[in-house]
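Asker: Pasting a structure here, questions to come.
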Amino acid sequence: MKNPFIISFANSKGGVGKTTSCIAVGCCLAQQGYKTLLIDLDHQGNLSDDLGRGDEDYTITDLFENPKFDINKIIYSALDSNDEIKNLSIIPADITLAVEARSAERFRHRLTILDDALKRLNAKFDFILFDLRPAIDLSIENALLITDLIVIPVDMDRRAIKGINDLLQVAKEVKRQENIVYTLVKTKVNKSHSKMQKAINEYVKKLGYHIATTEIRVSELYKQATENHRPSPLYAFNERPHEDYLSLTNELIKRVEEIS
C-alpha cells in the first residue's frame, strides 16, 4: 500500500455528512492501528472543533500564508473531550483559511504548497484524510492534486448529486488525468423513506457512478455529537452509523489495496 495513502472527502453541496464521514473513517482507521492524520481544509473548522482543536494558535492557514512554515508545528493529537485519541492526529483550520488561500495565489509554486509541506513531515502516517470545503479554491486544488481516492458522501437529496461531475472535472484538470479514482457513499439513509430512496438509487445508477456497497444510516445521536463538539464514532459508539462506518472503512481499505 502507498504510504501515506491520501483520501479526500468532498462534495460541492454542504450538509451531506462529509465532515462526519471524514472523522468517522479516521477514527475507525485509528482503532485498527493505522497512524492517521486528518487535515481540515474547511474554514468553518467543524472537523477541528469536533476533535477538540478548534482554538489552536497555529493552523493550516499558517502554511498558506507562508509555504515554508514548519508543518510539524501544526500537527496535534486529536481529542475526545480532553482525552487523546490513539493513532489519530489533526491539522486544524480557522476562519481565515479562505482569505489566505486566495492570497496564496501569488506564490510561484502555489499548487504544491501541501505536497511540499507533507514531504517535510517528521512523523510517519499510514493515511492522510482531507476534509474539503464545498467551494473550490487553491487549498482544495492543492489537496486534489495529491489525492489517491476521493470519497463523495451523498445524502438522499438529488441536489447532492448535481455537483459531482463538476467536482470530478476539477480533479481531472488539477491532476491532468482522465481516470479519477473515487467512490460515492450514501449517507443519512432512512429505510422508512423507501420511495425517495428508490428514486435516488435509480437516478445514481442511471448516471453510472461508482458507489460504495456500504450505506450510512441516519442517527440522531450522531447529530448530537456535532452539537457537543465530540467525534461521532466515540460519542455514539453503539449507534447503527458506527457499525456502518466500520464496514465502510474496511471497504475503503480493500479499495486502497486494489489501487495500490
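Asker: If you build a Gaussian network model of the chain, linking Cα atoms that sit under 10 Å apart, which residue out of Gln44, Gln31, Gln177 swings the most?
Answerer: Of the options given, Gln177 has the highest mean-square fluctuation.
Asker: Note down the nm distance, to one decimal, between modelled labels 7 Å out along Cα→Cβ at Asp157 and at Ser260.
Answerer: 3.5 nm
Asker: Just want the answer: with Cβ charges of +1 for Lys and Arg and -1 for Asp and Glu, which residue in Ser48, Tyr222, Ile200 is farthest toward the dipole's positive end in the chain?
Answerer: In the chain, that residue is Ile200.
Asker: Same structure, new question: How many percent of the accessible area of segment 40-166 is carbon or sulfur, using a 1.4 Å probe? Spell out each step's value before the answer.
Answerer: Working: 2380 of 5670 Å².
Carbon and sulfur atoms account for 42 percent of the accessible area of segment 40-166.
Asker: Under 1.5 on a/c is rounded, so check that first for segment 103-150, then, if it is not, pick prolate when a/b is larger than b/c and oblate when it is not; a ≥ b ≥ c are the square roots of the alpha carbon gyration tensor eigenvalues. Walk me through the intermediate numbers first.
Answerer: On the way: a/c = 2.40, a/b = 1.24, b/c = 1.94.
Oblate.
Asker: Nothing charged except the Cβ atoms of Lys and Arg (+1) and of Asp and Glu (-1): what's the magnitude of the dipole of the chain about its Cα centre? Round to the nearest 20 debye.
Answerer: 1020 debye
Asker: Let me ask another. Hey, what do the phi angles of segment 214-219 turn into as Karplus ³J(HN,Hα) couplings, whole Hz, using 6.51/-1.76/1.60 and θ = phi - 60°, x for Gly and Pro?
Answerer: 6, 10, 9, 6, 6, 7
Asker: Between Asn201 and Asn122, what's the calculated FRET efficiency when r is the beta-carbon distance and R0 is 41 Å? Round to 0.05.
Answerer: E between Asn201 and Asn122, to the nearest 0.05, is 0.35.
Asker: Any chance you could run the full-extension gain for Glu65 through Ser77? It's 0.36 nm times the residue separation minus the Cα-Cα distance, nm to one decimal.
Answerer: 2.0 nm
Asker: Show me 237-245, 98-106 ranked by packing, highest mean number of other Cβ atoms within 10 Å first. Mind showing how you got there, number by number?
Answerer: On the way: 237-245: 17.8, 98-106: 16.0.
Going by the mean number of other Cβ atoms within 10 Å, highest first, we get 237-245, 98-106.
Asker: Still on this model: HN-Hα J couplings of segment 47-57 from phi, Karplus 6.51/-1.76/1.60, θ = phi - 60°, integer Hz, Gly and Pro as x?
Answerer: Here the 3J(HN,Hα) series is 4, 4, 4, 5, 10, x, 10, x, 10, 7, 5 Hz.
Asker: Still on this model: Among 63-73, 115-125, how do they line up by average Cβ neighbours within 10 Å per residue, starting with the highest?
Answerer: Result, highest mean Cβ count within 10 Å first: 63-73, 115-125.
Asker: Report the far tail of the P(r) of the chain, meaning the percent of Cα-Cα pairs longer than 34 Å.
Answerer: More than 34 Å apart: 12 percent of the Cα pairs in the chain.
Asker: Convert each backbone phi in segment 129-145 into a coupling constant with the Karplus relation 6.51 cos²θ - 1.76 cosθ + 1.60 (shift: θ = phi - 60°), then list the ³J(HN,Hα) values in order as whole Hz, x for Gly and Pro.
Answerer: After applying 6.51 cos²θ - 1.76 cosθ + 1.60, I find 10, 9, 9, 9, 6, x, 7, 8, 9, 4, 5, 5, 4, 4, 5, 4, 4 Hz.
Asker: Same structure, new question: When ligands, DNA and RNA are left out and all protein chains stay put, how many square angstrom of accessible area per residue does the chain have with a 1.4 Å probe?
Answerer: 48 Å²
Asker: Which order do the peptides 139-145, 4-10 come out in when sorted by mean C-beta neighbours inside 10 angstrom, highest first?
Answerer: In descending order of packing, they fall as 4-10, 139-145.
Asker: To continue, here is another question. Summing Lys, Arg as +1 and Asp, Glu as -1, what charge do residues with Cβ under 15 Å from the Cβ of Val25 carry, Val25 excluded?
Answerer: Local net charge: -4.
Asker: By the scheme Lys and Arg +1, Asp and Glu -1, what is the net charge of all other residues having a beta-carbon under 14 Å from that of Ala104?
Answerer: Residues near Ala104 contribute -3 overall.
The values are calculated or read from the model by the stated rules, or taken from the named source; none is laboratory data. These numbers were taken from a predicted model, which means no experiment stands behind them. Positions of Cβ are backbone-derived with ideal geometry, glycine not excepted, and every protein chain shown enters the neighbour counts. Calculation scope for accessible area: heavy atoms of the full protein, side chains included, ligands and nucleic acids excluded. Shrake-Rupley method; radii C 1.70, N 1.55, O 1.52, S 1.80 Å.
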